[in-house]
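The values are calculated or read from the model by the stated rules, or taken from the named source; none is laboratory data. Keep in mind that what you see is a predicted model, and the values were worked out from it rather than measured. For neighbour counting, all protein chains shown are included, and Cβ atoms are generated from backbone atoms with ideal geometry for every residue, glycine included.
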Amino acid sequence: MDRTITIAVPAPIPHGHRIEVVERIDDAGSRSVVVVTDLETRIHYRQESSHASDAVTWTGRVIECVIAPTRGGVKTMLVVDPTGPGSAEADVALRGADAAADAARIEALRWGGGDTVPAPEPPRFW
């Protein structure tokens with residue numbers, strides 16, 4: 001699942017480059033990007049001056065990079081394909097897959113296809 005992140009600094013990261021994203025998650029569950037590191041060039045694009053202790057780090061590959069001027073400065077929008085063991089939302093996706101499998105199992109049992117024993121075949125006359 002692709003993720004779109006926006007940072008308030010110009011970060012011209014080419015398509016296909018691997019990046020590391022450090023995000024801070026507040027109590028309400030909203031995410032804010034602290035640092036984006038281009039792993040190919042080792043350039044850090046820092047949005048805030050300090051790391052938070054509750055920061056989450058994940059890696060991904062850049063699919064699209066758009067740099068646009070705004071009234072407050074320049075913003076960079078990156079569309080990223082999360083990869084690796086630290087991918088964000090992986091636990092959510094797994095929980096969703098487990099819930100879908102449970103729902104399918106319950107639906108199969110409800111319609112009588114999961115735990116019934118087939119009726120014996122009648123004897124055939126040839």
| query | With respect to the numbered conditions (1) surrounded by fewer than 14 Cβ atoms within 10 Å (Cβ to Cβ); (2) under 22 Å from residue 83 (Cβ atoms); (3) modelled with pLDDT of 90 or more, which one is the sole condition not fulfilled by residue 2? | reply | (3)
| query | Do we find that residue 104 is at pLDDT 80 or above and surrounded by fewer than 13 Cβ atoms within 10 Å (Cβ to Cβ) in this structure? | reply | yes
| Among 66, 34, 22, which is the only one that is surrounded by 16 or more Cβ atoms within 10 Å (Cβ to Cβ), under 14 Å from residue 6 (Cβ atoms) and either among the β-branched types (Val, Ile, Thr) or touching a Lys or Arg at 6+ places or on another chain (Cβ under 6 Å) (or both)? | 34
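Matching residues to (1) modelled with pLDDT of 85 or more; (2) surrounded by 12 or more Cβ atoms within 10 Å (Cβ to Cβ); (3) of a type in the set (D, E, K, R):
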site: 71; (1), (2), (3): yes, no, yes
site: 94; (1), (2), (3): no, no, no
site: 98; (1), (2), (3): no, no, yes
site: 114; (1), (2), (3): no, yes, no
site: 119; (1), (2), (3): no, no, no
| Do you know which residues across segment 5-33 are within 17 Å of the chain's Cα centre (by Cα), at pLDDT 85 or above and hydrophobic (A, V, I, L, M, F, W, C)? | 5, 19, 21, 22, 33
